[in-house]
């Protein structure tokens, strides 16, 4: 699923990390931890195919099989949840799009606000919508950067349940400052100093 | 469409955490139907138009800018003993100057939603052809320019002179080139740190042929300059379409 060999990243003279190795099979769960600025986000962007290493190689699933949630939920604020998910559903070639979208919105507690503009949402609601977008195309590889950020208790529990369901099916990479939350799922761990 | 559709999903509200939602029955990624390139482009154009209709951030700014520029030009250009033919040529030159700088304003805002919300990441990870992102955005930019100019030309007629069909044809051809090149450069500038500086620095030199062709087509008779603009469009549409993939690809 992911084979990353001898990954190094530098921005000019600044070394972000060196010689990182990642091998993750389908169903595996990689937990990435470390302090702010240690390179977690940079690594996750590489593992999502969004950033290139300075040295080393990364083998990933093809483009449409990756679901990525960054620090932003990556949804258009002036569109509604339905409009956002229909747009990405079309671009990601999601079959039976309407039903899939309805199910995800229902699941993440956004069905009642499906026609409201995202700009009226709280940060936590936008994060939930971002998770809907990530899962919309049933990705083989799910890359989540601080996914519990901004989520309330109910949202965090929803995400826990979602990760439980993904466990053993999709490959999952999660970077978090709250490792205890997903420790039970981790099959591999990578700690940045 | 709701979850209570015909596929056997339970009624709304009955979904529980236990309900599996990954690789559910009937969900077969390997059998995804082909969705055409132009459907992707259409979806992206619709998205941009919706964003503009709701946010009203780009076209109103372009309209105010172009009308303000024409007003300033009106008072800046000397009148009186200047021959009409010479005055007309100067005015047409100013019209093209206003068009290029107005389009620059629109191009600066073209990728703002994608930049501010990091959405380019989500777009480039989609399996659709990445050039669809460019084409969708270029069509949207063209539409914004067309709307702006549809109001700018009457304003120009009010302050200066009416324009003929040769000028309108030249503007349409110029808009195609501006949209094509400007959208590509806008995407490049999104990734840069000094993006507000980068876009004008890249765009204005490439807009010089558009000014040459546009002013030429406006004041000269014959199709020579229109053909020149058409050639510019052909070359830069093709180049921009082919190059966009490399502009947005990091890996």
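Residue pairs whose Cβ atoms lie under 7 Å apart, sitting 6 or more positions apart in sequence or on different chains, and linking a residue in region A:67-81 that is surrounded by fewer than 24 Cβ atoms within 10 Å (Cβ to Cβ) to a partner that is assigned to a strand (DSSP E or B), are A:70/A:145; A:71/A:145. So residue A:37 clears everything in (1) at pLDDT below 95; (2) at the interface with chain B (Cβ under 7 Å from one of its Cβ atoms) except one condition, right? Which one? Condition not satisfied by residue A:37: (2). Among the residues making up region A:8-25, those that are within 20 Å of residue A:62 (Cβ to Cβ) and in contact with a helix residue (DSSP H, G or I) (Cβ under 9 Å, 6 or more places away or on another chain) are A:22, A:24.
Condition first: surrounded by 13 or more Cβ atoms within 10 Å (Cβ to Cβ) and either away from every other protein chain (no Cβ under 14 Å) or not in a helix (DSSP H, G or I) (or both). Now tell me which residues in region B:38-58 satisfy that. Passing the criteria: B:57, B:58.
Taking residue B:226 as the residue in question, decide whether it is assigned to a helix (DSSP H, G or I) and either exposed (fewer than 13 other Cβ atoms within 10 Å of the Cβ) or in contact (Cβ under 8 Å) with a residue 12 or more places away in the chain (or both). I'd like the intermediate steps shown before the answer.
Working: assigned to a helix (DSSP H, G or I): yes; either exposed (fewer than 13 other Cβ atoms within 10 Å of the Cβ) or in contact (Cβ under 8 Å) with a residue 12 or more places away in the chain (or both): yes.
Considered against the rule, which asks whether it is assigned to a helix (DSSP H, G or I) and either exposed (fewer than 13 other Cβ atoms within 10 Å of the Cβ) or in contact (Cβ under 8 Å) with a residue 12 or more places away in the chain (or both), residue B:226 comes out as yes.
Only a single criterion out of (1) modelled with pLDDT under 90; (2) assigned to a loop (DSSP other than H, G, I, E, B) is not satisfied by residue B:87, namely (2).
Going by what's in this entry, would residue A:98 be described as touching a helix residue (DSSP H, G or I) at 6+ places or on another chain (Cβ under 6 Å), more than 20 Å from residue B:55 (Cβ to Cβ) and surrounded by fewer than 22 Cβ atoms within 10 Å (Cβ to Cβ)? Judged against the criteria, residue A:98 is not a match. From the list A:182, A:174, pick out the single residue that is within 18 Å of residue A:66 (Cβ to Cβ) and under 18 Å from the mean Cα position of the chain (by Cα). None of the other options fit; the residue is A:174. Only one residue in B:144, B:73 is in contact (Cβ under 8 Å) with a residue 24 or more places away in the chain and farther than 21 Å from residue B:55 by Cβ. Which one? Only one candidate qualifies: B:73.
Residue-wise test of (1) modelled with pLDDT of 95 or more; (2) within 16 Å of the chain's Cα centre (by Cα).
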site	(1), (2)
B:127	no, no
B:136	yes, yes
B:159	no, no
B:165	no, no
B:193	no, no
B:227	yes, no
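Only one of the numbered conditions (1) free of Cβ contacts under 8 Å to residues at least 12 places away in the same chain; (2) surrounded by 22 or more Cβ atoms within 10 Å (Cβ to Cβ); (3) closer than 24 Å to residue A:159 by Cα is not met by residue A:91, and that is (3). Give region B:148-167 a look and list any residue that's assigned to a helix (DSSP H, G or I) and under 25 Å from residue B:82 (Cβ atoms), or say none. Those that are assigned to a helix (DSSP H, G or I) and under 25 Å from residue B:82 (Cβ atoms): B:152, B:153, B:154, B:155, B:156, B:157, B:158, B:159, B:166, B:167. Do we have residue A:177 as crowded, with 22+ Cβ neighbours inside 10 Å and in a loop (DSSP other than H, G, I, E, B) here? No: the conditions fail for residue A:177. The helices (runs of 4 or more DSSP H) located wholly in region A:47-161 that include 1 or more residues which are under 22 Å from residue B:128 (Cβ atoms), more than 9 Å from every other protein chain (Cβ to nearest Cβ) and out of contact with any strand residue (DSSP E or B) (no Cβ under 9 Å at 6 or more places or on another chain) occupy A:81-91, A:123-135.
Residue-level check: of (1) more than 30 Å from residue B:248 (Cα to Cα); (2) assigned to a helix (DSSP H, G or I); (3) modelled with pLDDT under 90, residue B:115 misses just (1). Checking region A:1-18 against the condition returns no match, with no residue being within 12 Å of chain B (Cβ to nearest Cβ), under 17 Å from the mean Cα position of the chain (by Cα) and not in a strand (DSSP E or B). Of all residues assigned to region A:175-185, none qualifies as being in contact with a helix residue (DSSP H, G or I) (Cβ under 6 Å, 6 or more places away or on another chain) and within 13 Å of another protein chain (Cβ to nearest Cβ). Counting only residues that are touching a helix residue (DSSP H, G or I) at 6+ places or on another chain (Cβ under 6 Å), in a helix (DSSP H, G or I) and over 18 Å from residue B:228 (Cβ atoms), region B:173-192 holds 9 of them.
Conditions (1) buried (at least 17 other Cβ atoms within 10 Å of the Cβ); (2) free of Cβ contacts under 8 Å to residues at least 60 places away in the same chain, marked per residue:
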| residue | (1), (2) |
| --- | --- |
| B:133 | yes, no |
| B:157 | no, yes |
| B:162 | no, yes |
| B:188 | yes, yes |
| B:202 | yes, yes |
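The values are calculated or read from the model by the stated rules, or taken from the named source; none is laboratory data. Just so we're clear, the structure is a prediction, and the values are computed from it rather than from any experiment. No Cβ is skipped: glycine too gets one built from the backbone with ideal geometry, and neighbour counts run over all protein chains shown.
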